[in-house]
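J.: Take this structure, written in structure tokens, and hold onto it; I'll ask about it next.
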2 protein chains.
Amino acid sequence: MLLEHPEASKLGGERRTLTILTSDLRGFTATSERISPEEVIKIINLYLGHMADVITKYQGTIDEFMGDGILVLFGAPTVKGDDARRAIACAIDMQLAMKTVNEQMKAWELPPLEMGIGIHTGEVVVGNIGSEKRTKYGVIGSQVNLTYRIESYTTGGQILISQQALDAAGQEILIIESEKEVRPKGVKEAITIYGVIGIAGEFNLILPKEEDIFCPLPEKIP
Amino acid sequence: MLLEHPEASKLGGERRTLTILTSDLRGFTATSERISPEEVIKIINLYLGHMADVITKYQGTIDEFMGDGILVLFGAPTVKGDDARRAIACAIDMQLAMKTVNEQMKAWELPPLEMGIGIHTGEVVVGNIGSEKRTKYGVIGSQVNLTYRIESYTTGGQILISQQALDAAGQEILIIESEKEVRPKGVKEAITIYGVIGIAGEFNLILPKEEDIFCPLPEKIP
């Protein structure tokens with residue numbers, strides 16, 4: 001049930017259909033144990049800084065930085081009509097922004113970072129949660145957990161979205177490169193997840209193909 | 001390597017051995033989908049409020065509220081000699097405080113809450129992470145993930161600790177009621193985790209046995 005009254009959020013608690021985006025740096029936790037702590041923080045902050053700029057551009061609400069992970073809400077605190085589209089466009093632009101991040105990594109003589117993103121649309125409870133001394137706008141519900149599970153299937157550079165996110169955005173404006181059935185923990189039946197590489201319409205964004213990223217050899221090795 | 005210089009944290013990034021505590025309400029995410037959103041937030045805030053008071057008493061640093069989950073650090077930003085002991089004492093006192101929480105739940109005519117706690121001691125990177133607009137004191141490393149995995153083995157009312165946390169606290173002052181081998185995801189070999197119900201010494205805390213919680217029948221049912 002959606003509460004119609006604006007004062008409801010003050011009382012604390014609303015049930016809302018949001019589009020949830022989670023991202024993390026694939027393999028970075030293991031890497032973080034092999035490099036200096038200063039480098040770990042320098043890299044994380046480079047990455048989070050660029051991603052925060054992109055997320056702000058698409059009016060996503062950053063709910064949380066957790067290590068190298070980010071939890072972003074579209075549709076809270078303010079509902080807009082195009083939450084799922086903005087989330088997917090944001091994800092593509094985040095992947096595109098990794099080019100700039102990795103140019104800096106190269107300048108620092110560090111290996112490139114790879115990010116995976118999961119997106120799902122579902123009903124959750126939102127509200128101000130916490131103690132007297134510490135309150136935050138938070139989100140509760142199994143759909144948040146499911147978004148993390150979807151993200152866990154990604155490889156570096158990938159964006160995986162649920163059927164619900166696909167339906168909410170409208171399949172006709174998305175460029176899907178893959179689909180697969182998965183059975184995440186805590187979910188009764190197998191679900192289909194889709195690899196998105198582009199969005200048409202006003203956002204008009206597409207990820208370059210892998211061969212565009214890796215320089216082709218100028219001629220065959222004899 | 002531990003950085004000796006206090007200014008290192010300003011530069012951003014230190015490798016530290018911390019004791020990490022994570023807790024969550026077992027089964028609450030599923031419950032949250034059956035009750036009103038106002039009740040979800042009311043319950044979460046009742047629970048977080050009481051837990052925050054206990055955590056503050058044991059000088060733990062609340063790193064994060066994530067839905068009904070809490071991530072607490074002992075040993076950061078300030079290292080103390082008894083981090084693991086304080087973490088374990090804090091966990092026992094958190095479980096004891098659930099009695100007060102559940103008295104309120106009963107007054108609200110709601111079913112009791114059950115919390116699980118995981119504790120682990122290990123080396124992580126700590127520092128101020130985030131973007132220009134939003135920075136927090138954060139923690140990065142596989143030992144954080146391992147703590148969540150340890151917590152995932154708990155049932156309601158339980159405190160499970162790793163071998164490293166047991167060794168750091170000193171087995172001689174702990175009351176252990178169970179041990180088992182588990183093989184968490186992302187860990188090469190099976191690890192032993194211990195169910196703790198009490199701590200001796202200056203903290204001197206013990207969890208009541210289950211039969212003390214459930215009222216015995218005054219006489220046999222004929």
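The values are calculated or read from the model by the stated rules, or taken from the named source; none is laboratory data. Not measured: the values here are computed from a predicted model. Reconstructed Cβ throughout: ideal geometry from the backbone, glycine too, with neighbour counts over all protein chains shown. Keep in mind that these areas ignore ligands, DNA and RNA; they rest on the heavy atoms of the full protein, side chains included. Shrake-Rupley method; radii C 1.70, N 1.55, O 1.52, S 1.80 Å.
J.: Name the residue that is farthest from the other protein chains (Cβ to nearest Cβ), counting only residues in segment A:139-154 that are within 19 Å of B:Asn145 (Cα to Cα) and of a type outside the set (A, V, I, L, M).
T.: Ranking the qualifying residues of segment A:139-154, first place goes to A:Thr154.
Yes or no, residue by residue, for (1) surrounded by fewer than 21 Cβ atoms within 10 Å (Cβ to Cβ); (2) in contact with a His (Cβ under 6 Å, 6 or more places away or on another chain); (3) not in a strand (DSSP E or B):
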| residue | (1), (2), (3) |
| --- | --- |
| B:Gln104 | yes, no, yes |
| B:Gly118 | no, no, no |
| B:Val144 | no, no, yes |
| B:Thr147 | no, yes, yes |
| B:Gly157 | yes, no, yes |
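J.: With the requirement that a residue be open to solvent by 80 Å² or more (accessible area, probe 1.4 Å) and part of a loop (DSSP other than H, G, I, E, B), what does segment A:159-196 give you?
T.: Passing the criteria: A:Arg183, A:Lys185, A:Gly186, A:Lys188, A:Glu189.
J.: Would segment B:89-100 turn up any residue that is within 12 Å of the chain's Cα centre (by Cα), open to solvent by less than 10 Å² (accessible area, probe 1.4 Å), touching a residue at least 12 places away in the same chain (Cβ under 8 Å) and within 14 Å of another protein chain (Cβ to nearest Cβ)? Talk me through it step by step, then tell me what you get.
T.: Of segment B:89-100, the ones within 12 Å of the chain's Cα centre (by Cα) are B:89-95.
Filter once more, keeping what is open to solvent by less than 10 Å² (accessible area, probe 1.4 Å): B:89-92, B:94.
Narrowing the set further to residues that are touching a residue at least 12 places away in the same chain (Cβ under 8 Å) leaves B:89-92, B:94.
Narrowing further to those that are within 14 Å of another protein chain (Cβ to nearest Cβ): B:94.
Within segment B:89-100, one or more residues are within 12 Å of the chain's Cα centre (by Cα), open to solvent by less than 10 Å² (accessible area, probe 1.4 Å), touching a residue at least 12 places away in the same chain (Cβ under 8 Å) and within 14 Å of another protein chain (Cβ to nearest Cβ).
J.: Quick one: in segment A:197-222, of everything that is among the β-branched types (Val, Ile, Thr) and surrounded by 10 or more Cβ atoms within 10 Å (Cβ to Cβ), which residue is modelled with the lowest pLDDT?
T.: A:Ile213
J.: Quick one: which of B:Ile199, B:Ile129, B:Ile193, B:Ile175 is touching an Asp or Glu at 6+ places or on another chain (Cβ under 8 Å) and of a type outside the set (Gly, Ala, Ser)?
T.: After applying the criteria, what remains is B:Ile193.
J.: I would also like to ask the following. Out of everything in segment A:73-88 that is of a type outside the set (Ser, Thr, Tyr) and more than 14 Å from the chain's Cα centre (by Cα), what residue ends up being surrounded by the fewest Cβ atoms within 10 Å (Cβ to Cβ)?
T.: Going through segment A:73-88, the residues of a type outside the set (Ser, Thr, Tyr) turn out to be A:73-77, A:79-88.
From what is left, the residues that are more than 14 Å from the chain's Cα centre (by Cα) are A:75-77, A:79-82.
On the way: A:Gly75: 24, A:Ala76: 23, A:Pro77: 13, A:Val79: 12, A:Lys80: 10, A:Gly81: 8, A:Asp82: 20.
Among those residues, the one meeting the criterion is A:Gly81.
J.: Filter segment B:13-40 down to residues that are of a type in the set (Ser, Thr, Tyr) and closer than 30 Å to A:Glu38 by Cβ and give me whichever is farthest from the other protein chains (Cβ to nearest Cβ).
T.: Result: B:Thr19.
J.: Evaluate the following for B:Ile70: is it out of contact with any helix residue (DSSP H, G or I) (no Cβ under 7 Å at 6 or more places or on another chain), open to solvent by less than 40 Å² (accessible area, probe 1.4 Å), within 11 Å of another protein chain (Cβ to nearest Cβ) and within 16 Å of A:Glu132 (Cα to Cα)? Walk me through it before giving the result.
T.: On the way: out of contact with any helix residue (DSSP H, G or I) (no Cβ under 7 Å at 6 or more places or on another chain): no; open to solvent by less than 40 Å² (accessible area, probe 1.4 Å): yes; within 11 Å of another protein chain (Cβ to nearest Cβ): yes; within 16 Å of A:Glu132 (Cα to Cα): yes.
The answer is no for B:Ile70.
J.: Going by the structure shown, is A:Gln158 touching a residue at least 40 places away in the same chain (Cβ under 8 Å) and polar (S, T, N, Q)?
T.: Yes.
J.: Continuing with this model, one more query. State yes or no: is A:Thr135 open to solvent by 20 Å² or more (accessible area, probe 1.4 Å), within 14 Å of chain B (Cβ to nearest Cβ) and either of a type in the set (S, T, N, Q) or in contact (Cβ under 8 Å) with a residue 40 or more places away in the chain (or both)?
T.: Criteria met by A:Thr135.
J.: Within segment A:41-63, is even one residue facing another protein chain (nearest Cβ under 8 Å), at pLDDT below 95, under 19 Å from B:Gly67 (Cα atoms) and open to solvent by 10 Å² or more (accessible area, probe 1.4 Å)?
T.: Checked against the condition, which is being facing another protein chain (nearest Cβ under 8 Å), at pLDDT below 95, under 19 Å from B:Gly67 (Cα atoms) and open to solvent by 10 Å² or more (accessible area, probe 1.4 Å), segment A:41-63 yields at least one hit.
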